[in-house]
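Take a look at the structure set out below.
What follows is calculated from the coordinates using simple rules that are stated; it is not laboratory data. Being a predicted model, the structure only gives us computed values, none of them experimental. Every residue, glycine among them, receives a Cβ derived from its backbone with ideal geometry; neighbour counts consider all protein chains shown.
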Amino acid sequence: MAKPFGLTMADTTIRKETLDKDLDKLVHVEEATSVVARGLVAPGLSLLFLALSAVFASLYVFDEPRAVLIVVAAVLGGYMALNIGANDVANNVGPAVGAKALTMGGAIAIAAVFESAGALIGGGDVVNTISRGIIDISSVGSPDVFIRAMTAALISSALWINLATWIGAPVSTTHSVVGGVMGAGIAAAGLSAVNWPMMSGIAASWVISPLLGGVIAALFLAFIKEAIIYREDKIGAARRWVPVLVAIMAGAFAIYLGMKGLSRVIDLSGSALLLIGAVVGFVTWLWSRGHVRRQSVGMENRNQSLRKLFNIPLICSACLLSFAHGANDVANAVGPLAAIVYTAEADAIASSVSIPLWVMVIGAFGISLGLVLFGPKLIRMVGEQITKLNPMRAFCVSLSAAITVIVASWFGLPVSSTHIAVGAVFGVGFFREWYTANSPRRRRYMERKNALHRAARGQLAEDQASEASIPFDGNGTDGDRDIDAAPISTEEARRRRLVRRAHVSTIVAAWITTVPAAALLSGLIFLVLNALA
């Protein structure tokens with residue numbers, strides 16, 4: 001091929017190499033741009049949602065004298081809902097994802113649907129606008145001051161939850177709102193405006209919620225280990241006890257939904273709730289007996305087989321927990337917003353108000369969108385990074401979440417659903433550490449298992465030696481030590497811990513600082529808003 005006029009072969013080669021390098025640089029720039037762009041998708045969609053929330057709110061309040069104020073409050077309520085979805089919903093589906101009963105995509109889809117359904121169906125139309133009487137509204141003063149206090153509470157609680165999500169700490173959104181309302185109330189009317197006995201009860205829930213959740217989860221896991229896992233006939237034990245456990249879960253969730261998920265739709269007495277729970281539990285037991293028996297036909301007598309029997313109950317629990325959460329906690333997002341809307345329209349302060357449908361819609365869709373865009377980080381934290389979960393352990397966590405709420409509500413104890421769920425994960429992990437080191441049944445089971453394993457290996461080695469005409473020493477161990485029976489060093493024991501202590505300390509620190517941090521931030525924001533006004 002003829003060379004271009006005036007160019008040597010060396011010049012052509014240099015130009016080709018230069019062009020290749022330039023093209024490589026362009027490819028790298030495009031790849032880097034694509035990576036950066038992917039990171040901006042979620043914030044971009046969030047901003048779009050907030051803009052649509054403003055437009056949506058303006059359609060309903062455009063003729064109000066304080067329409068601009070209400071629209072701004074709607075944007076803040078949408079921002080709060082996004083953060084609740086990103087942080088709080090992880091507790092409902094995280095265990096199922098960690099146990100591999102649900103994929104991340106499946107969990108997000110289920111939670112988004114049931115959270116929205118719970119908010120729109122069971123969210124109700126009346127909420128306590130000042131979060132369970134944390135402050136005395138009569139001491140706040142004018143409606144304008146009250147609006148600024150609620151706005152400060154909404155901003156501070158949303159910012160705190162956003163920060164907690166960023167550092168990977170599941171926190172109580174209810175406590176965040178309580179702290180925000182308390183801080184704004186103190187800034188607006190002084191320390192005397194706060195209901196301090198109520199605040200002491202909330203502080204007590206920091207200890208009560210995780211301890212109660214952890215103990216109940218550990219007790220159920222202990223029963224599963226003793227009655228099913230460390231039995232010679234695992235499948236037979238599972239056929240006997242799994243239907244009972246599933247029935248307990250069904251009955252507990254029936255009561256839980258009646259108390260928390262549908263309490264604003266239908267008012268049921270305590271005896272009616274117990275009767276419903278008993279009926280649902282009995283019907284579920286009858287169905288589960290046949291289902292477990294059919295499902296276990298042909299299963300091997302091993303733990304991997306048992307896990308399959310808990311997958312469907314786990315998926316159902318994720319659905320029901322999400323529904324109850326949407327019905328119960330949507331008020332955290334829209335309660336202060338509803339208070340602002342009512343006060344701005346009526347120019348008066350009320351202790352409880354009706355929530356307009358458009359306000360509920362913003363809260364419901366904001367929670368779902370926040371889960372879809374930002375939820376996976378906290379879902380992995382709760383389901384995978386604190387301790388390793390399998391379907392049996394995750395089942396105990398979900399069951400504990402429902403039972404703990406029922407028990408605490410029965411005795412009038414203030415609890416946090418977030419603290420309960422995460423505390424149950426802690427309880428499962430710490431119990432496994434204790435049980436592994438101290439259970440006589442597990443030790444006997446492992447000794448029998450290791451003896452059978454050594455005998456099988458010894459027989460195999462003897463057969464191989466016989467075939468090869470090699471003398472056999474008779475121990476059948478090939479120099480390997482029994483890992484379960486061998487003593488381990490302190491450093492090795494620390495390495496084998498089943499709960500990651502770093503996550504425990506981070507989460508507990510976030511729990512302790514939620515109310516005071518949200519209160520301090522809310523007070524500062526209120527002072528700024530007051531100065532600007």
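Could you give me the ³J(HN,Hα) list for segment 278-283, computed from phi with Karplus coefficients 6.51, -1.76, 1.60 and θ = phi - 60°, whole Hz, x at Gly and Pro?
3J(HN,Hα) across segment 278-283, in whole Hz: 5, 5, 4, x, 5, 4.
I need the phi-derived Karplus couplings for segment 210-222: 6.51 cos²θ - 1.76 cosθ + 1.60, θ = phi - 60°, integer Hz, Gly and Pro marked x.
After applying 6.51 cos²θ - 1.76 cosθ + 1.60, I find x, 5, 5, x, x, 5, 5, 4, 5, 5, 5, 5, 4 Hz.
Tell me, in nm to one decimal, what length is gained between ILE312 and ARG294 on full extension, where the rule is 0.36 nm per residue of separation less the Cα-Cα distance?
Contour length minus the Cα-Cα distance gives 5.1 nm.
Within the set LYS225/LYS449; LYS100/LYS449; LYS234/LYS449; LYS234/LYS308; LYS260/LYS377, which residue pairs have Cα atoms separated by over 22 Å?
Pairs exceeding the cut-off: LYS100/LYS449; LYS260/LYS377.
For VAL89, which sequence-distant residues (separation of 5 or more, or a different chain) have an amide H within less than 5 Å of its own amide H, given hydrogens modelled in the peptide plane?
Here nothing satisfies the definition.
I need the calculated FRET efficiency for the pair TRP410 and LEU524, taking r as the beta carbon distance and R₀ as 51 Å, to the nearest 0.05.
It comes out at approximately 0.85.
So who's got an amide H within less than 5 Å of the one on VAL353, skipping anything under 5 residues away but keeping other chains? H placed 1.01 Å off N, in plane.
Here VAL127, THR129 satisfy the definition.
From the backbone phi of segment 65-76, what are the Karplus-calculated ³J(HN,Hα) couplings (6.51 cos²θ - 1.76 cosθ + 1.60, θ = phi - 60°) in whole Hz, Gly and Pro given as x?
These are the phi-based 3J(HN,Hα) values: x, 10, 4, 4, 4, 5, 5, 4, 5, 5, 5, 5 Hz.
Amide H to amide H, which residues 5 or more places from ILE135 or on other chains are under 5 Å from it, using H placed in the peptide plane?
Correct list: ASN195.
Sorting SER269, SER172 on the 10 Å Cβ count, fewest up front, what's the list?
SER269, SER172
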